[in-house]
Amino acid sequence: MDLSGMEDTIDLFQLQYSDLLQLSADEVSASPAESRRLELISDQIMHEIGPNGPGLLSVIGVPKARLLREALLPLARKLAILGNEDRKRILKEYNLGSDVPLKNLDRIVSSFAMQMKYDQEFNGKFCESITAVADGSEFRNLGLAFQELGSCMMELGLLLSRVCDKKLGGCELEHSLLQCGTAKARLIHYHSILDNIIIKEKRRGKCRSAIDSRDSRIDDESDLWQKWHYDYGIFTILTAPMFMFLDGTGSDAKEHDSPMGHTYLQILHPRKSRVLSVKAAEGSFIVQVGESADVLSKGKLRATLHCVSRPAKIDDLSRETFVVFLQPAWNKMFSLKEYPIEHSKKGDQNLESDCEGTGGAVNESVELIRNISGMVPPLSSRLKDGMTFADFAKETTMKYYGSSGLQSSR
């Protein structure tokens, strides 16, 4: 499915971290003017992640975000192109795992995961011990940066859940997160074409430059690094991505601007029925709503249908990001009472009535969204009243990626 012509972008609402702290506080001592300002921000938050908004927003001004991002994200590519034995040793040393087959030389994504725990006394102060990668092993700060950045992003999720609980009443998103007690953090490398050539050359023990090996390039015409899907947790917190450009020898990579000025995260706006590429400030965090938040809020929050697209005709650019998935406890039971039935059919978009434009533009948009919807199993096929989150997660994984799933690799 070619999305190259769909370059409409969306500038995310930027929520200041200092405002998020104030909004989530139990008591706020402020002037009438300041209270009104905060109330307007709170309303804007609920619009952005509610049923009429895009389902995501950004948080800016987080202390040390830039330092942590610069320390951790470049390590994603370095880990991805390591030999299997060296990578296995480093992952073991820092208690990391992976949920992708790293021995697959044709993989287009490498992911390195750690299970994080909530600190029940978390007070919003970040550790002061992170240092820039210096002499010694280039991975010396891997575990520390992973843990500190992950904890920072978990705190953002807790703070936002508290704001939502205040606005919605009885939603208990914060309680659901703390009851779970853990979250999964992933450091993700989205491969360039040349990354895979380098990996194959290393495996074969050859010394020639990957740049000179274009005859062995991967015949991968996919325009997506990650296919369309909903996250099934409560919130997904992401760093604004870092793009890495290979140098002339193919042995090293340096940070590079996004070719199109956006993140290559794409969403299908639920009301506008348009594919939009997300723009986010460097050093910011993106917060997406997951299906569990959608259900627990009785549809007052809206899950984000999204994918990650690949830059067209660029062989030597990779994408790095760090993601934390916040979810309810595995035994959390879902009730569909009072949940809007139209939300449960989210794979069956009401296409014609919502599409903007006229004539051929409508037909093209409808066809595109039909193609996207064909990749995504409706919530109604995966979630039943009284189902636990564990069963919902299992059913969702099967409907997407099982032997007969819509995105099966069979």
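The values are calculated or read from the model by the stated rules, or taken from the named source; none is laboratory data. Computed from a predicted model, the values in this text were never measured in an experiment. No Cβ is skipped: glycine too gets one built from the backbone with ideal geometry, and neighbour counts run over all protein chains shown.
A single entry from Lys298, Lys399, Lys313, Lys394 fulfils the requirement of being modelled with pLDDT of 85 or more and farther than 24 Å from Trp225 by Cα: Lys298. Listed by position, the strands (runs of 3 or more DSSP E) enclosed by segment 230-326 that each have at least 2 residues that are within 30 Å of Glu201 (Cβ to Cβ) are 242-246, 253-256, 305-309, 317-326. Hey, Arg89 hits all of (1) surrounded by 20 or more Cβ atoms within 10 Å (Cβ to Cβ); (2) under 17 Å from Asn141 (Cα atoms) but one; which does it fall short on? (1) is the only condition that Arg89 fails. Checked against the criterion of being among the β-branched types (Val, Ile, Thr) and within 20 Å of the chain's Cα centre (by Cα), segment 246-260 contains not a single residue that satisfies it.
Of the residues contained in segment 79-98, one or more are found to be assigned to a strand (DSSP E or B), of a type outside the set (Lys, Arg) and under 21 Å from the mean Cα position of the chain (by Cα). Pull out all pairs, ordered by first then second residue, where Cβ-Cβ is under 8 Å, the residues are six or more apart or on different chains, the first lies in segment 280-305 and is within 21 Å of Lys394 (Cβ to Cβ) and among the hydroxyl-bearing types (Ser, Thr, Tyr), and the second is in a loop (DSSP other than H, G, I, E, B) and modelled with pLDDT of 95 or more. Within 8 Å, the pairs are Ser292/Tyr232; Ser292/Gly233; Ser292/Ile234; Ser292/Gln327; Ser292/Pro328; Ser292/Lys332; Ser292/Phe334. Can we say Leu268 is touching a helix residue (DSSP H, G or I) at 6+ places or on another chain (Cβ under 7 Å), buried (at least 20 other Cβ atoms within 10 Å of the Cβ) and modelled with pLDDT under 95? Yes. Sub-6 Å Cβ pairs linking a first residue in segment 248-270 that is over 29 Å from Leu305 (Cβ atoms) to a second residue that is modelled with pLDDT under 90 and β-branched (Val, Ile, Thr), at least 6 apart or interchain, are Gly250/Ile211, ordered by first then second residue. Residues that are at pLDDT 95 or above, surrounded by 13 or more Cβ atoms within 10 Å (Cβ to Cβ) and either assigned to a helix (DSSP H, G or I) or hydrophobic (A, V, I, L, M, F, W, C) (or both) within segment 1-20 comprise Ile10, Leu12, Phe13, Leu15, Tyr17, Asp19, Leu20, listed in sequence order.
Checked against (1) within 28 Å of Ser365 (Cα to Cα); (2) in contact with a strand residue (DSSP E or B) (Cβ under 7 Å, 6 or more places away or on another chain); (3) in contact (Cβ under 8 Å) with a residue 60 or more places away in the chain, Pro51 passes all but condition (2).
Checking the stated criteria, Arg66 turns out to be under 22 Å from the mean Cα position of the chain (by Cα), outside any strand (DSSP E or B) and either over 24 Å from Leu301 (Cβ atoms) or free of Cβ contacts under 8 Å to residues at least 12 places away in the same chain (or both). The C-beta contact set for segment 378-398 (first residue more than 15 Å from Pro328 (Cβ to Cβ), second residue in a helix (DSSP H, G or I) and modelled with pLDDT under 95, distance under 6 angstrom, 6+ apart or interchain) comprises Pro378/Lys345; Leu379/Ser344; Ser380/Ser344; Ser380/Lys345. Glu34 meets all of the listed conditions (1) of a type in the set (D, E, K, R); (2) in contact with a strand residue (DSSP E or B) (Cβ under 9 Å, 6 or more places away or on another chain); (3) surrounded by fewer than 20 Cβ atoms within 10 Å (Cβ to Cβ) but one, namely (2).
Check whether at least one residue in segment 46-57 is assigned to a helix (DSSP H, G or I), β-branched (Val, Ile, Thr) and either under 19 Å from the mean Cα position of the chain (by Cα) or surrounded by 13 or more Cβ atoms within 10 Å (Cβ to Cβ) (or both), and report yes or no. There is at least one residue in segment 46-57 that is assigned to a helix (DSSP H, G or I), β-branched (Val, Ile, Thr) and either under 19 Å from the mean Cα position of the chain (by Cα) or surrounded by 13 or more Cβ atoms within 10 Å (Cβ to Cβ) (or both).
Pairing residues of segment 30-41 that are within 15 Å of Ser18 (Cβ to Cβ) with residues that are in a helix (DSSP H, G or I), at Cβ distances under 7 Å and at least 6 apart in sequence or on separate chains, gives Ala30/Leu38; Leu38/Asp19; Leu38/Gln22; Leu38/Leu23; Ile41/Asp19; Ile41/Leu23.
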